[in-house]
Each structure stands twice: as structure tokens, then as C-alpha cells.
Amino acid sequence: AAAPAADSLATGGWDRSILLFRPPADGVPAASSEPPPSKRARGGASAVTAAVAPEELAAAAQLCGHTDCVSALAWPTAALLYSASWDGTVREWDAAVGAATATLSSSGKAALCLDVSLSPATVATGHSDHQLRLWDARS
């Protein structure tokens, strides 16, 4: 998930954690649009060229609290990050501090997807029991 100001990125995965990344202030170096001659695809100018390697960043912070893999993230405001997990919980995080500020628990069914609406403050989650759950984010 990308922060609203596009100054941070968050990833979640099988290790049950969320990693926060902050690209360098001067930006990521632009990649060359021309691959090296050995990587050029055959077929002339209309052929697809090989992708260039991405810039690698080290994580600026790690958020821990889920007991199973993190399946979805949403970052609706600069301060708030939401995560859904196979442990059946949805967590609200203070992205600046790196701490969970609220935990919403379902019936134990894995939360597979997540989205957040700020008006009204609602969190929507999809679960492995084929149910959509709507949460009041103000409580």
C-alpha cells in the first residue's frame, strides 16, 4: 500500500509483519529505458525489451502484532494504516509511531481483503467464510 502523500510504502506478508519503506528524499534513480545489448529482445523495434532491476530499499520500520500472515493493507491517511490478516483480525496502526491503536476481531475467519472509507469512517473486510464485514472505524 502507498501512503497518500506517496512518501512511504507498506508491505505485508507470510512472516506476519508489516514493513514500512521510505524512498530517499532525492527519489529513486531513473532506470534506463534501453536494456544492455545482450538483453535486447529479438524482433526489431516493436519487440518488448527486458525489464531493468528495481532499486532496493531497506525497511525503515517493522510493525508486528498479527499471529498469521498479513493479507491486505490500506493507507487512507498519512497517520493511519490498516492491515487484515489470516488470524481474523484487522488492525489500525499509527504509521508515524509504528504501534497498533486498535484491533478488530472477527469470528476467527481469515480476513482476505480490506478497504477503508473515510466518509463515513468504515472498514470493509472480506473473509474466508464468504462474508463481507463492515466495521465502524470510529469505535
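The values are calculated or read from the model by the stated rules, or taken from the named source; none is laboratory data. Worth saying up front: this structure is predicted, and the values here are computed from it rather than measured. For neighbour counting, all protein chains shown are included, and Cβ atoms are generated from backbone atoms with ideal geometry for every residue, glycine included. Note: accessible area is taken over every heavy atom of the protein model, side chains too, but ligands, DNA and RNA are not part of it. Shrake-Rupley method; radii C 1.70, N 1.55, O 1.52, S 1.80 Å.
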Scan region 125-139 residue by residue and report those that are surrounded by 16 or more Cβ atoms within 10 Å (Cβ to Cβ) and under 15 Å from ALA72 (Cα atoms).
THR125, GLY126, HIS127, ARG133
What number of residues within region 88-113 are aliphatic (A, V, I, L, M), touching a residue at least 40 places away in the same chain (Cβ under 8 Å) and either open to solvent by 30 Å² or more (accessible area, probe 1.4 Å) or over 15 Å from ILE18 (Cα atoms) (or both)?
3
List every residue pair whose Cβ atoms lie under 7 Å apart, where the two residues are 6 or more positions apart in sequence or sit on different chains, the first residue falls within region 4-33 and is surrounded by 12 or more Cβ atoms within 10 Å (Cβ to Cβ), and the second residue, located anywhere, is modelled with pLDDT under 75 and in a loop (DSSP other than H, G, I, E, B).
ALA31/VAL52
Name the single residue, out of those in region 56-85 being under 12 Å from the mean Cα position of the chain (by Cα) and part of a loop (DSSP other than H, G, I, E, B), that is surrounded by the fewest Cβ atoms within 10 Å (Cβ to Cβ).
PRO76
Of (1) over 18 Å from TRP14 (Cα atoms); (2) under 20 Å from the mean Cα position of the chain (by Cα); (3) at pLDDT 90 or above, ALA121 fails just (3)
